[in-house]
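Colleague: Shown below is the structure under consideration.
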Amino acid sequence: MMTPDGKDITLLAIESSCDETAAAVVRNGRQVLSDVIYSQIAVHRAYGGVVPEIASRKHVEAIEPCVRAALDEAGLSADRLDGVTVTSGPGLVGALLVGVSFAKAYAYAAGLPLVGVHHIDGHISANYIETPSLEPPFLCLVASGGHSHLVYVKDYGVYDILGQTRDDAAGEAFDKVARALGLPYPGGPSIDQAAAKGDPKAYHFPQAKIDGASFDFSFSGLKSAVLNVIHQAQQKKETISVPDVAASFQYAVVDVLTEHLLRAAQETGAQTVAIAGGVASNTALRERLTAECTERNLRFLCPRPVLCTDNAAMIGAAGYYAFLRGVRSELSLNAEPNLPLGSRERRFHGR
């Protein structure tokens with residue numbers, strides 16, 4: 001999908017939905033000229049999770065240097081840009097407001113058009129950067145700290161939501177279980193590392209089935225079951241194997257994510273399946289899906305880990321296709337912490 005005259009479109013992209021301050025310069029939605037990320041992990045690790053107020057303050061400190069570094073790395077100034085794109089939701093409202101406010105001010109001062117982008121749209125679009133040959137339609141599983149979505153990508157920015165979480169997102173469950181096991185934040189990488197030394201069949205943890213919405217996810221019961229095992233062992237003064245619990249929990253999450261994605265591929269007839277979001281970095285998930293998709297002759301795509309976690313390059317990719325569709329945001333653009341994905345959402349119930 002290109003401009004009618006074939007002109008290159010270069011966008012400054014900004015992402016600040018949670019605890020990563022990020023800026024990137026992206027050309028034509030797939031060529032990353034720069035991608036700068038200021039991480040807050042070390043700050044929030046002491047609290048075992050993201051503290052929204054601290055995150056907002058850190059974004060204020062980092063946003064200008066981050067944008068300047070992205071432009072310097074790309075070797076471009078404002079007069080060489082065609083627009084500014086920014087995550088406007090969903091996410092932490094205070095964190096979002098920092099990025100949105102800066103993007104609006106920059107766009108206004110530079111006389112550039114502004115495009116607000118949905119965070120999940122960005123995660124899906126990371127696959128266009130990783131695999132430049134990718135074009136819709138395809139099926140995408142988005143699993144991160146705040147989101148678990150199973151999406152059929154009909155066209156650029158046009159989605160059918162097949163399923164989503166009813167309670168905890170997959171990444172949220174990873175963080176909470178890791179905290180209970182005494183593992184450091186963020187929980188995803190910590191669980192992944194611990195699980196590599198454990199037995200995934202040591203414990204049998206439940207996987208929720210939701211009547212009437214077979215592609216929806218629920219990880220609250222699984223999280224509670226793990227916490228019960230830990231608490232019961234503590235009450236009995238028994239020692240549990242952290243690697244075994246981590247491996248068994250991870251196996252349950254990976255199993256349900258894989259089962260939903262493969263069943264959705266069968267239902268929709270999709271020949272290409274992709275994953276996105278922070279949980280897409282999980283080693284066991286990537287290995288399981290690689291094997292399962294190879295067995296079923298499905299094309300399986302997954303971005304490199306740096307494109308799975310929150311970054312601005314993915315926002316630049318999503319913003320490019322919105323820009324081509326003529327999407328323009330007014331300076332009244334506001335942060336929307338509960339912004340729904342797309343204006344053409346619909347529910348899909350598998351047979």
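Colleague: At 0.36 nm per residue, minus the direct Cα-Cα distance, what do S133 and A105 gain on full extension? Give it in nm, one decimal, please.
Modeller: Answer, rounded to one decimal: 6.6 nm.
Colleague: Got a sec? Which residues in the stretch 306-331 would a label at S39 touch, if it sits 7 Å along Cα→Cβ and we count backbone N under 11 Å?
Modeller: 306, 309-310
Colleague: Quick check: from the Cα gyration tensor, does the stretch 197-266 come out rounded (a/c under 1.5), prolate or oblate? Mind dumping the intermediate values first?
Modeller: Details: a/c = 4.42, a/b = 1.94, b/c = 2.28.
Oblate is the answer for the stretch 197-266, as a/c is 1.5 or above yet b/c matches or exceeds a/b.
Colleague: Go ahead and run the numbers for FRET between Q193 and E336, Cβ-Cβ distance against an R0 of 41 Å, rounding to 0.05. Write down the numbers at each step before the final one.
Modeller: On the way: r = 35 Å, r/R0 = 0.85.
The formula returns an efficiency of 0.70 here.
Colleague: Starting from the eigenvalues of the Cα gyration tensor, five times each then square-rooted, give me the equivalent ellipsoid semi-axes of the stretch 88-201, largest first, whole Å. Kindly include the intermediate steps, with their values, before the conclusion.
Modeller: Working: eigenvalues 191, 88, 35 Å².
Largest first, the stretch 88-201 gives 31, 21, 13 Å.
Colleague: When a footprinting reagent is the concern and you count Cβ atoms within 10 Å, what order do I240, I210 take, fewest first? Could you put the intermediate results ahead of the total?
Modeller: Values: I240 15, I210 12.
Lowest to highest Cβ neighbour count: I210, I240.
Colleague: Find the eigenvalues of the gyration tensor of the Cα atoms of the stretch 1-71, then list the square roots of 5 times those eigenvalues as equivalent ellipsoid semi-axes, largest first, in whole angstrom. If you can, show how the numbers build up before the last one.
Modeller: Values: eigenvalues 190, 25, 16 Å².
Over the Cα atoms of the stretch 1-71, the semi-axes work out to 31, 11, 9 Å.
Colleague: Still on this structure: Give me the distance between the Cα centres of the stretch 289-345 and the stretch 123-181, rounded to whole Å.
Modeller: After rounding, the separation between the Cα centres reads 8 Å.
Colleague: Also, I was wondering about something else. At 20 °C and 1.002 mPa s, what whole-number value in µm²/s does Stokes-Einstein give for the translational diffusion of the chain, with Rh from the Kirkwood sum over Cα pairs?
Modeller: The Stokes-Einstein estimate is 104 µm²/s.
Colleague: Distance in nm between label sites at S224 and Q271, each 7 Å beyond Cα in the beta-carbon direction?
Modeller: Taking the simple label geometry, S224 and Q271 are separated by 4.4 nm.
Colleague: Using only Cα atoms, tell me the angle between helix 170-180 and the longest principal axis of the chain; keep it within 0 to 90° and round to the nearest 10.
Modeller: Rounded to the nearest ten degrees, it is 50.
Colleague: Same structure, new question: Among 317-329, 136-148, 45-57, 227-239, how do they line up from the highest to the lowest mean number of other beta-carbon atoms within 10 Å?
Modeller: Details: 317-329: 21.2, 136-148: 24.6, 45-57: 15.5, 227-239: 11.2.
In decreasing order of mean packing, 317-329, 136-148, 45-57, 227-239 become 136-148, 317-329, 45-57, 227-239.
Colleague: Which value, in Å to one decimal place, does the Kirkwood hydrodynamic radius take for the stretch 135-303 when every pair of different Cα atoms is included? Each step should come with its number before you reach the end.
Modeller: Working: mean 1/r = 0.0616 Å⁻¹.
One decimal place: 16.2 Å for the Kirkwood radius.
Colleague: The stretch 1-41 to the stretch 247-266: how many Å between their Cα centroids?
Modeller: With the stretch 1-41 and the stretch 247-266 each reduced to a Cα centre, they are spaced 31 Å.
Colleague: In addition: Compute the angle between helix 93-110 and the longest alpha-carbon principal axis of the chain, please, reported from 0 to 90 degrees and rounded to the nearest 10.
Modeller: 20 degrees
Colleague: Let me ask something else about it. Tell me, D199, D121 in order of fewest to most beta-carbon neighbours within 10 Å?
Modeller: Values: D199 14, D121 25.
Ordered by Cβ neighbours within 10 Å, fewest first: D199, D121.
Colleague: 222 nm [θ] for the chain, helices only, -39500 (n - 2.57) per DSSP H run of 4+, per residue, to 500? The partial results should precede the final answer.
Modeller: On the way: 11 runs with 150 residues, N = 351.
It lands at -13500 deg cm²/dmol.
Colleague: Given labels modelled 7 Å from the Cα in the Cβ direction, how far is it in nm from R325 to R299?
Modeller: Computed distance between label sites R325 and R299 equals 2.1 nm.
Colleague: Compute the signed sum of charges (Lys and Arg +1, Asp and Glu -1) over the other residues within less than 14 Å, Cβ to Cβ, of A74. Please report the intermediate quantities before stating the final value.
Modeller: On the way: positive: R27, R68, R80; negative: D8, D35, D72, E73, D79, D82.
Counting the neighbours of A74, the net charge comes to -3.
Colleague: Which of the three applies to the stretch 1-153, rounded, prolate or oblate, going by the alpha-carbon gyration tensor with a ≥ b ≥ c and a/c under 1.5 meaning rounded? Spell out each step's value before the answer.
Modeller: On the way: a/c = 1.93, a/b = 1.17, b/c = 1.65.
Judged from the Cα gyration tensor, the stretch 1-153 comes out oblate (a/c at least 1.5, b/c at or above a/b).
Colleague: Any chance you could run the full-extension gain for D167 through D8? It's 0.36 nm times the residue separation minus the Cα-Cα distance, nm to one decimal.
Modeller: Working: separation 159, 0.36 × 159 = 57.24 nm, distance 4.19 nm.
Result: 53.0 nm gained on full extension.
Colleague: Among DSSP beta bridges whose residues both lie in the stretch 135-303, state the antiparallel percentage, nearest 5.
Modeller: Values: 12 of 20 bridges.
Among the beta bridges of the stretch 135-303, antiparallel pairing accounts for roughly 60 percent.
Colleague: Starting at 0 and stepping by 5 Å, how many percent of the alpha carbon pairs of the stretch 220-351 end up in each bin?
Modeller: The distribution over the stretch 220-351 is 2, 7, 12, 14, 15, 16, 13, 9, 6, 3, 1, 1, 0, given as percents.
Colleague: Now for a separate question. So for the stretch 135-303, if I pair up every lysine 8 or more residues apart or on another chain, how many of those pairs have alpha-carbons under 25 Å apart?
Modeller: So the count works out to 16.
Colleague: Could you give the length gained on full extension between E238 and R288, defined as 0.36 nm per residue of separation minus the Cα-Cα distance, in nm?
Modeller: Numbers: separation 50, 0.36 × 50 = 18.00 nm, distance 3.24 nm.
Using 0.36 nm per residue and subtracting the Cα-Cα distance, I get 14.8 nm.
No value in this document is a laboratory result; all are computed from the given coordinates. Bear in mind the structure is a predicted one, so any value in this text is a computation, not a measurement. Counting neighbours? That spans all protein chains shown, and the Cβs are built from the backbone with ideal geometry, glycine included.
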